[in-house]
Amino acid sequence: MPINYTEILDDSGLRALMERFTQERPPLVAMDFEGEFNLHCYGEKLCLIQIYDGKNFYLIDPFPITPQLLGEFLTMKNMVWLFYSGDSDASLIYKQFGVRMHSIYDVQHLVEVLDLPKKGLDAVLLNQLGVEIQGKKRYQRHNWTKRPIEEGAKQYALGDVAYLFDLLNSLMGQIKEEGKVEDLVLKVASSFTDFDKKRVPGVFKTRSYKSLSKPQKTRFQTIFDLREEAAKTLDVPAANVISKSTLFRLAEHPQEIHDYSFHHRIPKNIQQKLITEISALS
């Protein structure tokens, strides 16, 4: 059955929602984000905010909303946002807007205290509530930057907040039954998001990178930076400029850039610039 929701598409709509929350002061509000993560364009960006206050659903389009107002909303006093695996969401907001979201109640903490075998939201929803989110495969790599957002994608996104209250209640019941309330308190108290921590791209944590020699690692970093610069200039995913596997090959054999087949979205002048600069690393 489709979820009925209110769309918020401008500053006035968001201010009205903020005023409503200020007056009603709901104890918890379920929240989730959809974003772009180097799949369809360069970088990471917030594309959609889903909200459920226990009664009403809202979809906030952040694109037309003033960043300052968006920051004020996400850091409203006396509000606690109910997330599942909220660290990545809070980090995205800090990275894009410089806003620190602290009032987050992360349902995944309960899952970790209970030590459930599968900790992803989909698996936990199925295990605890018998709920299966529809459209996972279809929308897993969806381009959330496109407007208008299709209705099916909106319904899929709302599914991530629709069951958070029921999930919280189910997990909390188990926490109490197993006598793990104190464990949960300690887990929540010791959990925090280090907003100032330097984020290391995952490729630098791989076995392939660690197996490179010191000179090869230096070349890899240089080639990686050149790829990022080109991707940012063109607003395309970095992998469209040079694939990850090719990064490692070029770190060992820079001259192979002459034989590399660039993606059709990469202009000839950018291709030639990369060829010249990478081949010079030999």
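Things worth noting here:
- Neighbourhood charge, 15 Å Cβ-Cβ cut-off, centred on GLY159 and excluding it, Lys, Arg +1 and Asp, Glu -1: -4
- Largest GNM mean-square fluctuation among HIS142, HIS263, HIS102, using the chain with Cα springs under 10 Å: HIS263.
- 18 Å tail of the calculated P(r), the range 202-279, as % of Cα pairs: 34
- Shown is the FRET efficiency for GLU151 and LYS244, computed with R0 = 41 Å from the Cβ-Cβ distance and rounded to the nearest 0.05: 0.75.
- Helix 268-279 vs. the chain, principal-axis angle (Cα, 0 to 90°, nearest 10): 70
- Taking the longest Cα principal axis of the chain as reference, the axis of helix 11-24 is set at about 40 degrees.
- Nonlocal amide H pairs with ILE8, under 5 Å, H built at 1.01 Å: LEU59, ILE60, ASP61
- With 0.36 nm allotted per residue and the present C-alpha distance subtracted, the LYS176-THR218 stretch has 9.9 nm of extension available.
- Its alpha carbons give the range 6-190 an Rg and a Dmax of 16.5, 48 Å.
- Relative contact order of the range 20-164, taken over Cα pairs closer than 8 Å and 6 or more residues apart, is 26 percent.
- Of every Cα-Cα pair in the range 238-282, the percent that sits beyond 13 Å: 51
- Using alpha-carbon coordinates, inclination of helix 87-97 to the longest axis of the chain, degrees: 70
- Placing a pseudo-label 7 Å from each Cα along the Cα-to-Cβ vector at LEU28 and LEU126 gives an inter-label distance of 2.4 nm.
- Residues whose amide H comes within less than 5 Å of that of TYR105, counting only those at least five positions distant or on another chain, are TRP81, LEU82, PHE83 (H built at 1.01 Å from N in the peptide plane).
- One equal scatterer on each Cα of the range 126-251, no solvent, Debye formula: the resulting log10 I(q)/I(0) at q = 0.14 Å⁻¹ is -0.97.
- Pairs of lysines in the range 6-190 whose Cα atoms sit within less than 20 Å of one another amount to 19, provided the residues are eight or more positions apart or on different chains.
All of the numbers you see were taken from the coordinates with simple rules; none came from a lab. What you are looking at is a predicted structure, and each value in this text was computed from that prediction instead of being measured. Cβ: placed from backbone, ideal geometry, glycine included. Neighbour counts: every protein chain shown.
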